[in-house]
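The values are calculated or read from the model by the stated rules, or taken from the named source; none is laboratory data. Source: prediction; values computed, not measured. Neighbour counts run over all protein chains shown; Cβ positions are idealised from the backbone, glycine included. We work out accessible area using only protein heavy atoms, side chains counted, and drop any ligands, DNA or RNA first. Shrake-Rupley method; radii C 1.70, N 1.55, O 1.52, S 1.80 Å.
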Amino acid sequence: MVERSGVLAGLLQGLERLGRGAGAKIWRLGFAARFFAYMLLHSGTALRRFHLTIREIYFAGVLSMVIILVSGLFVGMVLALQGYETLQRYGSSEALGVLVALSLVRELGPVIAGLLFASRAGSAITAEIGLMKATEQIAAMEMMAVDPIARVVAPRFWAGVISMPLLAGLFSAMGIFGGYLVGVKLIGVEEGAFWSQMQASVDVREDILNGVIKSLVFGVAVTWIAVFEGYDAPPTAEGVSGATTRTVVTSSLAILALDFVLTALMFTGGNGK
Amino acid sequence: MKRSTIDIWVGAFVAAGFAGLLFLALKVGNLASFSTAETYQVQAKFANIGGLKVRAPIKSAGVVVGRVSNVTFDNESYEAIVTFNVDAHYRFPRDTSAKILTSGLLGEQYVGLEAGGDGVMLKQGDRLRLTQSAVVLENLISQFLFNKAAENKVESKDGK
C-alpha cells in the first residue's frame, strides 16, 4: 500500500515537472513571437540609419565570407569525386555537372551555408547582445530613452537576413567551381557536356530561385533565434555561454526542419518533377 | 569618417554575392533559354506518351525548336493530348509528324518533329495528324520474352 502511493506520487511529480517544463517552453515561444513582431515594427531605425545595418553586415556577412568560400570549394570538390565514382558505374559521368549543380543549388548551398552562418555569425550575435545585457549596456540605453531593440537588435537581424542569401549564392557558385575543377580539370570529364547538361537541367525558377528563398528563410530563422537568445540570456557569464550554445543547437535544428518542410513544399508538388 | 573602410568591404561582399547569384542564373541555369520570342501552339495526340513531362524539349533534326507546355488526357479517344509551343522562327509543313523519343537509353524523353512535304505551313492551334507513341521498355521486353517462349515451344514440339 505504501509502495503504491509512493509510485503514484513519483508519477504525479514527474507529470507536474513535465507540465511545468512544457508551460515554460510555450511561454518562451510566445515571448519570442512577440519579440519578433516588436522587432519588425521597430526596424524603421535600422533601415533609415542604414550605416548601423551596414556595420552589422560587415561583421555577419563579410567576415563569414572566407569560411563560406573555402567550405563551398571543398564541398563541391568532394561532391564531384563521390558523384563521379557512382555515375561512372552507369556510364553517365557526363551527368556530373547536373549532380553537382542540383545538389548544391537546391540543398547543400542553403543548408550548409545556413549551418555555417549559425555557428559563425549567429553565436557571435548572441554572445554580443548577451554581454551587452550582462554589462548593463542595454539597461543604460533604456535609461537614455534609446530603444535597444531598434538600436541594437533590429540592425543585426536585417544584416543577417540580407547576408544569408548572398552567402548561400557564393557557397553554391564556389561549390560548382570546385566541382568543375575536380570533375573537368582533374578527372577529365568532357567540359562541354559538364556545362551543357547542367544548363539543360537546372531551372532558374524551379531550382535557383527556390534555393534563394530557402536561404532567405534560413536567414530569418537563424538571426531571429540568435538575437532572441542574446536578448533573453540571463545576465551572467554562465547565462551568456548557455544562450550561445542554445543558439547554435536551436538554429541548426531549425534549419534542418525548415529545409524538410520547404523541400516538401517546393519540389514534390507542381508538375510532377 | 571611419565608416568608409567598412563600406568598401560590405560593397565588395554584396557585389560578390550578386555575382555568385548571377553566375548561378546565367552559367548554371538556363536563363538564356527563357526566350521571350514569339511562339505558336501546336497539339498532337499520342496513344502513349511514356514519361514525357511538361517543359520537355521539342527537337527537329536534333535542334531544340520548342517546349512542351501542357499534357492532358482526352476522355473521348482515351489518348494523351500534348500541347507544345514552337518558336516562331521555325516553320514546319502541315503534314509534319511527331514522335516521342528518348535521349540515350535512360535519358529524358522529348518530342521529335520530322518535316513533311506539304506546301502549307503549320499555324497557331493546328493539330499534327501523324504521331508515333513512346516506346515503353517493359512492353518491348515482354514481347521479346513471349516470342522467345513461343519459339522454345515450337522447337520442343519439333524435337519430339
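Observations, loosely collected:
- Backbone HN-Hα couplings from phi across region A:101-111 [Karplus 6.51/-1.76/1.60, Hz, Gly and Pro as x]: 5, 5, 5, 6, 5, 7, 10, 5, x, x, 6
- Amide proton proximity set for B:LEU122, modelled H, under 5 Å, gap of 5+: B:PHE92, B:ARG94
- Alpha-carbon Rg/Rh ratio, for region A:167-273, with Rh computed the Kirkwood way: 1.14
- Debye intensity ratio I(q)/I(0), log10, region B:108-160, q values 0.16 Å⁻¹ (C-alpha model): -0.71
- Gained length - B:ILE81 relative to B:ARG55, 0.36 nm times residue gap less alpha-carbon distance: 7.9 nm
- As a length-normalised measure over Cα pairs under 8 Å and 6 or more apart, the relative contact order of chain B settles at 23 percent.
- Added length on full extension, which subtracts the Cα-Cα distance from 0.36 nm per residue, A:GLN88 to A:VAL70: 3.8 nm
- Each principal axis of the Cα cloud of the protein assembly as shown was taken in turn, and the coordinate range along them, longest first, works out to 97, 79, 49 Å.
- Accessible surface ranking that places the most exposed of A:MET132, A:MET144, B:MET121 first, with a 1.4 angstrom probe: A:MET144, B:MET121, A:MET132
- A Förster radius of 25 Å combined with the Cβ-Cβ distance from A:PHE36 to A:THR236 puts the calculated FRET efficiency at roughly 0.50.
- On full extension, the segment bounded by B:PHE73 and B:ASP118 gains 13.3 nm, given 0.36 nm per residue less the C-alpha separation.
- Pairing chains A and B buries close to 2400 square angstrom of accessible surface in total, based on protein heavy atoms and a 1.4 angstrom probe.
- Largest accessible area first, the residues A:LEU69, B:LEU113, B:LEU140, A:LEU253 order themselves as A:LEU253, B:LEU140, A:LEU69, B:LEU113 under a 1.4 Å probe with ligands, DNA and RNA left out.
- Each principal axis of region B:35-141 carries a Cα extent, and these read 40, 32, 27 Å when sorted largest first.
- Virtual spin-label span in nm between A:SER5 and A:ALA145, 7 Å along Cα→Cβ: 6.3 nm
- Residue-wise HN-Hα coupling along region A:121-136, computed from phi with Karplus coefficients 6.51, -1.76, 1.60 (Hz; x: Gly, Pro): 9, x, 5, 5, 4, 4, 4, 5, 5, x, 5, 4, 6, 5, 8, 6
- Accessible area of A:ASP232 in the full protein assembly, 1.4 Å probe (Å², nearest 10): 50 Å²
- Distance histogram in 10 Å bins (all Cα pairs of region A:60-262, percent per bin): 10, 31, 27, 17, 9, 5, 1, 0
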